[in-house]
Amino acid sequence: MSFKFNKIQVLALLCAFFGMVLFGYMIFEVFAYDENLKPVVKEFQVKLRQDIKQKGVYDIDLKVRDDNADDVKLSLALVLEDGRVTYPIFLDSHGVIVNLGATPDVNNFSPYQIGSTQPIQTSLGEISLSMTWSSLLTAFSNNLDANHAKLKAILFDNKNSSEEFFSNSFVINNLGKKQSTEEKFYALNKPIVASVTTRSIQNGDTIPIDIVASGGMNNLLAKIEYFNSDIHDWEKCTISDSLEAIHLVSKSASQIAAIHTSAGPNHVTAYWDFKKDVGLYFDSDDVYVKVSLFNVLAKSEDKQYGPFVIDLKEPGSIENFVVTDNITSESVVLQWDTPYESHFKSGYYTVKVTETGFFKDITEYKFFQSSLAGNVYTVGGLKPNTEYIFEIDATDDYGNTRRSEQLSAKTNTLAEIYSRLILKKDDNNNKIQAEVMLRDLDSVVSVKKNKLRLKINYKYEDKIIKPEIDHEVLIEDQFNPVFVNNNNDYQVGDEGGYIRASDQFKSVILYLAPPQIPENINYIKVCVTVNDLMEDGNTVCEDMLARNPLENLPQIYNQIPKKKASEPVILNSVKSESIDRSDEDDLETSVNTAYDQYIESFLTAIGAKNFTIADFYFDQSKDFVFDNPEAKINRIDALRFVVMLNDIALKTADRDVFADVSREYPYSSFILTAVSKGIIDGFGASDIRLKKVFKPNDNITLSGALSMICKAAKLDIKVDDLDIKNWPFANIALSGDNKPWYADYFAWAYVNGLISEKDNSDEAVGVGKFVQMMMTAKNSVLINL
């Protein structure tokens, strides 16, 4: 049996045969591989490109082999002709071409520039690599004087390193100046760490490490380590991103690459993420850092810096933090123990003060430990009767802070004398009776805060004298006697026998000896100051006659003819003879002004009523209220006058009236009565009474006085009913939307000759003028009955 093949069939059989032979050879190569076989470089050529536009660019071609290995890395370095000086070269990272396998990566900052992370795959056989190198990317030392060089290649497969393989020799331009052999040897021997220092780490997350590299070499790597007695060995520093232009290296023994010193010393700053390395609670005074420089063949001497401090621990706890008993209306004293802290020379405290309530006012005070005496600090500038929360931050020299617990304390509420003194003559004992109303809102806090005392003085000109206080002191709701010592600054209520305070106003009656003063002094002040054994509250003063004090005005009341309330008072018929002036020299109350007849008529009209001298005593006047008719009258005195004149029955003050007038106010019954009769309404837009204010001690304005008088007299005033000619008040419209609320009262006063074009609605009114307007309104009502 014979077989015949054509040419195509013969050719196919031959290809199959040789393929089987090649496959068998490859199988043999795989199984015959010696794992200790080092990787090799088969060919190594370097050629300078001739293109003038690509000056200094070299093409590098190699063939490498490492059977059955896919993790080969390649290191390339420039070797000068004398073979002693070596420089790692910088390759074009986008210019590597391979004939088999994946393209390896290029990392010029690694000792193995090619394949550090993505290696050369050599298991497929011999690999051809083509690379592009620009000598301009490799910063040579300025000390070079060589003309020729070679490239050196070393392969590493994570097990074995290859031998050194050298390329062909090629020409390289002389880039440096010539130096002496000694200078050249020093510059090219090895890199130098000229200095290492660290900077402050106050409140920082990194420590700046300043490195000065030298030695005339380029492409240096830097390794930075730290040491402390607690860790017993040098550890690698974690370097964070830097503000400086440095090249960080990861997964390497070094942290910084591409440090060039050929142009001279190079200053590099690395930022050590020390908290990541040492932890968040590290505290040591003996920390060191060490820096070394190297390239593939040369390494510097190590340079250390230290010891220095790293303190990440907060100070110890702030113990025994208390508010002392020295609380005033404006200050609180804090005390605490110094926290344990080894670094507190420049340490400081911050006291945070927070006012409680809806509108929180937060204030911080900063002060240094060195400024304290015994760790006691007084917080001032506080508000009376206000609760605050206090806490302290202790901050050490390195910015670590410890916060104390919170404490709360309420500032002192000043004891208070309400409004005024009431002075009366005590004929039986030849004394002056002074009555004050006292309270202290702090009295409900503790027994320690319910003690009051009083200081009483006579004042005239620039002199102050202390009156003798009778030991009989009458205190509302208090049966135990108080202590009286006229030799003390506070004559009443000192030492063991104090005035028992209350959060409600209570009456205290004192008996004062008449003043002994020069004869040329007619008036003196009686002043009383209340004190809560911590600080003074308010002081209230009243003027009184120095001659025969409180004697004359009551005589007038006893001699005023009694008239019925409904009987008109004919002003022209009022005569001064109705008052007995037989003791004219002793009568200090003069009736010699334009308002005399109105004042006498007013006294006559109220003569049948049971009022005391206190009802006619005037705050702003040095004299009795009618002794100085030009003195301005305040709102509460004006209101009392119209209520008394119009014979309005007083209501019992069983509730608070306005926000500034409580039921304990001495004249709250007058105010409550006037509100119920529609005479006053208070200030403020709120419909809720207690959100409005009355301002009892403010001077009453002309518009306010006319409104109060006309409403109390129940005058039905209408502008259309008045005979108004030549209205002089251009700013006061009598009709239309711009008509002010007081226009009708102003028109009535103008028609009755009580005001002129010179008067202003906001001006304060004198007591004489007020009585004149009040009596005119009252007569208008009585005549028209």
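All of the numbers you see were taken from the coordinates with simple rules; none came from a lab. Please read these numbers as outputs of a predicted model, since none were measured by experiment. Here the Cβ is made from the backbone with ideal geometry for all residues, glycine too, and neighbour counts use every protein chain on show.
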Item to complete: Once you've got the Cα coordinates, tell me which of 431/451; 677/769; 150/190; 352/695; 525/695 are over 32 Å apart.
Response: 352/695
Practice prompt. Tabulate in residue order the Karplus-calculated ³J(HN,Hα) for region 337-349, using 6.51 cos²θ - 1.76 cosθ + 1.60 with θ = phi - 60°, rounded to whole Hz; enter x for Gly and Pro.
Written response: 8, 5, x, 5, 6, 7, 10, 9, 5, 9, x, 9, 10
Fill in: Cut-off under 5 Å, modelled amide H: who pairs with residue 134 long-range
58, 92
Worksheet item: Can you run phi through the Karplus equation (6.51, -1.76, 1.60; θ = phi - 60°) for region 634-639 and list ³J(HN,Hα) in whole Hz, with x for Gly and Pro?
Response: 8, 5, 6, 5, 4, 5
Item to complete: Using per-residue counts of other Cβ atoms within 10 Å, averaged over each peptide, order 348-358, 726-736 from highest down.
Response: 348-358, 726-736
